[in-house]
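S.K.: Please see the structure below; I have some questions.
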Amino acid sequence: MSAKKGTTQRTGRSIAPPASMKTTIPPKSRGHTDLLPPPMPKPAVAFLGLGSMGRPMAGRLLDLGFPLRVWNRTATTAKTLTGSAVAATPGDCVSGSAVIVTMLADSAALEAVLDGPNGILAAIAKEKRALRPVIVDMGTTGRREAIAIGKRVEASGARFIDAPVSGSVRPAARGDLVALVGGAVRSVERARPVLDALCKKVIHAGPIGQGQALKVVLNGIGAHHFVAFASMLALGEKAGLARDILLDAFTTGAFATPSYLGKRDKLLARDFTPEFSLDLALKDVALNVQLQHECGLKLPVVRAIIADLERAVAAGLGPLDLFAIEKSYR
């Protein structure tokens, strides 16, 4: 029976659509990833300073495939970083690099690699390229020093951001640091591939110097934490409490922090091999006091903490881990 006009014939069989209605289906062999743009090439990186933090950070960049040249004051340390090109001078290290990372102990060490005929600034001045590199200072040098150094660097034609990091050796190796950044947005974005490779979070605090200000404030909180932890550990043992019981309470109670948890096993074993030394902790707390002066504040608890740190360093504990301050309370 023929179908009436205006009705649909239902025969139980599929009817091929007219050729004009056919659609083209991409072959299955072509995945949707073929439509994505190719990944951007990783920028060439110069890394200066391979201390306890710098070495795992540089190693992570290597593992992620960044072209890397390194320099360290002690050349034998640089040579142990397999896969990197080792430079003889800071100037040689930065040649041709888009991003220059410094991870040095203090502002004096930073100025030493910037200046002189074999320094970073002299090498940049010799290069004839339109896009000058970004210098990313990831050490803790203080706000005042960062502002002064940033002015010098940018007057030379390069860009500068201060990006001190929060975290220790193990987070550095995993790329789990937090960068506290000061600088122009454009400069920060140019350094973004390197920052994202090294850090789980990047906090842009404002113009040059504000990354250092944030780090110094954060270190002030950290100083309160570790001095309280170490002193109360000493007091608890004096009161007859077992060390493992104290550490269990400190790392599971209301005041537990990631830094306490990360130190538990080493402290239980009384292992004070340095992840971050008391010497460096004293330097960081001194920068906190300097920032207080700059801001017209005087915070008495921090002054008491720095006095305790100075006593511990004077007693020979400076090269040990910062939690070794516990020894000075016994």
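S.K.: Are there any pairs, at least 6 apart or on different chains, whose C-beta atoms fall under 8 Å, with the first in region 148-174 and under 14 Å from I100 (Cα atoms) and among the basic types (K, R) and the second modelled with pLDDT under 95 and part of a loop (DSSP other than H, G, I, E, B), and if so, which?
M.R.: R159/R132
S.K.: Which one is nearest to the chain's Cα centre (by Cα) among residues in region 178-212 that are in contact (Cβ under 8 Å) with a residue 60 or more places away in the chain and buried (at least 24 other Cβ atoms within 10 Å of the Cβ)?
M.R.: Of region 178-212, the ones in contact (Cβ under 8 Å) with a residue 60 or more places away in the chain are 190-191, 193-194, 197-198, 208-212.
From the residues that got through so far, the ones that are buried (at least 24 other Cβ atoms within 10 Å of the Cβ) too are 191, 194, 198, 208, 211-212.
Numbers: A191: 12, V194: 10, L198: 6, I208: 17, G211: 12, Q212: 12 Å.
Step by step, filter region 178-212, then rank; the result is L198.
S.K.: Moving to a separate point now. Name the single residue, out of those in region 151-170 being outside any loop (DSSP other than H, G, I, E, B) and under 19 Å from the mean Cα position of the chain (by Cα), that is nearest to E294 (Cα to Cα). I'd like the intermediate steps shown before the answer.
M.R.: Quick first cut of region 151-170, residues outside any loop (DSSP other than H, G, I, E, B) only: 151-155, 159-162, 165-166, 169-170.
Narrowing further to those that are under 19 Å from the mean Cα position of the chain (by Cα): 159-162, 165-166, 169-170.
On the way: R159: 25, F160: 22, I161: 21, D162: 18, V165: 22, S166: 22, V169: 31, R170: 33 Å.
Result: D162.
S.K.: Mind listing whichever residues of region 43-79 are in a helix (DSSP H, G or I) and small (G, A, S)?
M.R.: Pass one, region 43-79, residues in a helix (DSSP H, G or I): 54-63, 75-79.
Across region 43-79, the qualifying residues are G54, A58, G59, A75, A78.
S.K.: Is region 31-45 home to any residue that is more than 16 Å from A158 (Cα to Cα), of a type in the set (D, E) and at pLDDT below 95?
M.R.: Checked region 31-45: at least one residue is more than 16 Å from A158 (Cα to Cα), of a type in the set (D, E) and at pLDDT below 95.
S.K.: Now a separate question. Among the numbered conditions (1) on the phi < 0 side of the Ramachandran plot; (2) surrounded by fewer than 19 Cβ atoms within 10 Å (Cβ to Cβ), tell me where I100 comes up short.
M.R.: (2)
S.K.: Checking P258 against (1) under 28 Å from G209 (Cβ atoms); (2) surrounded by 18 or more Cβ atoms within 10 Å (Cβ to Cβ); (3) at pLDDT below 95: exactly one of these is not met. Which one?
M.R.: (2)
S.K.: Is there a residue being assigned by TED's automatic domain parsing to the domain that holds T102, surrounded by fewer than 19 Cβ atoms within 10 Å (Cβ to Cβ), touching a residue at least 40 places away in the same chain (Cβ under 8 Å) and within 22 Å of L121 (Cα to Cα) anywhere in region 134-145? Full working, then the answer.
M.R.: Initial filter on region 134-145 (assigned by TED's automatic domain parsing to the domain that holds T102): 134-145.
Filter again for surrounded by fewer than 19 Cβ atoms within 10 Å (Cβ to Cβ), leaving 144.
Filter once more, keeping what is touching a residue at least 40 places away in the same chain (Cβ under 8 Å): 144.
After this cut, where a residue has to be within 22 Å of L121 (Cα to Cα) as well, the list is 144.
Yes, region 134-145 has at least one match.
S.K.: Can you tell which of A105, A109, A88, A130 is in the same structural domain as V188 (by TED's automatic domain parsing) and assigned to a helix (DSSP H, G or I)?
M.R.: Details: A105 fails: assigned to a helix (DSSP H, G or I); A88 fails: assigned to a helix (DSSP H, G or I); A130 fails: assigned to a helix (DSSP H, G or I).
That would be A109, the only listed residue that is in the same structural domain as V188 (by TED's automatic domain parsing) and assigned to a helix (DSSP H, G or I).
S.K.: Condition check: modelled with pLDDT under 95, among the hydrophobic types (A, V, I, L, M, F, W, C), touching a helix residue (DSSP H, G or I) at 6+ places or on another chain (Cβ under 8 Å) and closer than 20 Å to L195 by Cα. Does A146 satisfy that?
M.R.: On the way: modelled with pLDDT under 95: no; among the hydrophobic types (A, V, I, L, M, F, W, C): yes; touching a helix residue (DSSP H, G or I) at 6+ places or on another chain (Cβ under 8 Å): yes; closer than 20 Å to L195 by Cα: yes.
Spelling it out, it is not the case that A146 is modelled with pLDDT under 95, among the hydrophobic types (A, V, I, L, M, F, W, C), touching a helix residue (DSSP H, G or I) at 6+ places or on another chain (Cβ under 8 Å) and closer than 20 Å to L195 by Cα.
S.K.: Something else: Out of curiosity, is E326 more than 27 Å from the chain's Cα centre (by Cα) and either of a type outside the set (D, E, K, R) or under 13 Å from F226 (Cβ atoms) (or both)?
M.R.: Values: more than 27 Å from the chain's Cα centre (by Cα): yes; either of a type outside the set (D, E, K, R) or under 13 Å from F226 (Cβ atoms) (or both): yes.
Considered against the rule, which asks whether it is more than 27 Å from the chain's Cα centre (by Cα) and either of a type outside the set (D, E, K, R) or under 13 Å from F226 (Cβ atoms) (or both), E326 comes out as yes.
S.K.: Restricting to region 68-107, give me the number of residues that are at pLDDT 95 or above and out of contact with any helix residue (DSSP H, G or I) (no Cβ under 9 Å at 6 or more places or on another chain).
M.R.: 1
S.K.: Which condition from (1) under 21 Å from E237 (Cβ atoms); (2) within 26 Å of the chain's Cα centre (by Cα) is the one that A312 breaks?
M.R.: (2)
The values are calculated or read from the model by the stated rules, or taken from the named source; none is laboratory data. Here the structure is a predicted model, which means the values were calculated and not measured. Reconstructed Cβ throughout: ideal geometry from the backbone, glycine too, with neighbour counts over all protein chains shown.
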